[in-house]
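Inspection log for the structure reproduced underneath, given as structure tokens.
The values are calculated or read from the model by the stated rules, or taken from the named source; none is laboratory data. Just so it is clear, the model here is predicted, and its values are computed rather than measured. Note that we place each Cβ from the backbone using ideal geometry, even for glycine, and neighbour counts take in every protein chain shown.
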Amino acid sequence: MRPEKPIPLSLPLFLFGLLASFWAFSKLKRASPDPAETQGEGSFQREADYAGPWRNAAELVMALATVGLLLVNIGLLRATSLAADAAKRSSDLAWRIAKKSQAIVCDPHVSLEGGPGPYMIFSLQCRTVADPSAQEFTNLQEGSLDVCLRRIVSLKQDMRIGDVEHIALDPGTVRGTRQVHFKIAGFSKEEFLAMRQTVIVRGQLKYENGFGEVIPDVFCLQGLMRRENDGSYRSPDWTKCDRVDMLLDKYREAERQRGN
């Protein structure tokens with residue numbers, strides 16, 4: 001958590017000096033004789049009582065010392081405030097640096113199940129920004145997948161097969177990696193491996209990054225077979241949807257060169 005700004009220690013001294021200054025000025029006011037009181041019998045005696053040179057000088061020195069103490073306290077209050085601001089800026093900088101390297105990010109992945117079954121695996125792998133191999137715990141607040149199966153007519157055209165299937169992800173703690181196995185109606189592993197089918201997985205996530213923040217994430221992955229230069233398909237490749245057209249352009253260019 002971010003450190004809070006501390007209360008300046010000189011604040012009580014500042015308040016004390018302020019009260020003392022009011023007291024000192026009130027004493028000076030009392031030290032000044034009232035002209036009405038100096039008239040009549042005994043006026044010289046009362047004037048001597050109120051305006052004795054030693055008493056007035058002592059009260060004046062006390063007043064000046066109190067004002068000086070007030071000014072010193074104001075300076076201390078200002079210095080303490082500046083020091084507290086500098087410490088807070090330093091703490092904020094350290095917090096931001098730690099966040100850049102130690103914040104938790106979760107990467108979505110989709111893969112084919114290794115066995116013969118027509119299943120797919122969605123994996124959510126949570127790590128720190130600085131260490132892709134780290135396995136970090138985080139709290140998944142909500143998540144969902146929308147899966148769409150499409151048939152590939154050619155490298156230039158595809159069409160949807162069936163409806164979009166919605167898959168809800170259970171909220172809770174993600175211990176490094178969470179996997180969800182799912183099946184798509186109409187999906188054929190053989191057709192997919194022959195690049196006659198493609199799968200599009202769109203998802204939404206909300207998870208905690210370890211610094212008290214909730215990270216919303218929206219992603220889209222499309223599964224295609226990786227096509228080699230000789231025209232063969234070697235392995236599935238799950239690419240971000242906005243890069244699929246670039247990948248297909250590469251396949252079409254390779255096909256055109258083989259045709260020549």
Looking across segment 168-193 at residues that are of a type in the set (Val, Ile, Thr) and part of a strand (DSSP E or B), the single one that is surrounded by the most Cβ atoms within 10 Å (Cβ to Cβ) is VAL174
Flagged in segment 194-216 as assigned to a loop (DSSP other than H, G, I, E, B) and surrounded by 18 or more Cβ atoms within 10 Å (Cβ to Cβ), in numbering order, are ASN209, GLY210
If we keep only residues of segment 150-195 that are closer than 23 Å to ASP242 by Cβ and among the charged types (D, E, K, R), then the residue modelled with the lowest pLDDT is LYS156
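One line per residue, one yes/no per condition, for (1) free of Cβ contacts under 8 Å to residues at least 40 places away in the same chain; (2) among the aromatic types (Phe, Trp, Tyr); (3) assigned to a helix (DSSP H, G or I):
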| site | (1), (2), (3) |
| --- | --- |
| ASP92 | no, no, yes |
| ARG96 | yes, no, yes |
| HIS109 | no, no, no |
| PRO132 | yes, no, no |
| ARG151 | no, no, no |
| HIS166 | yes, no, no |
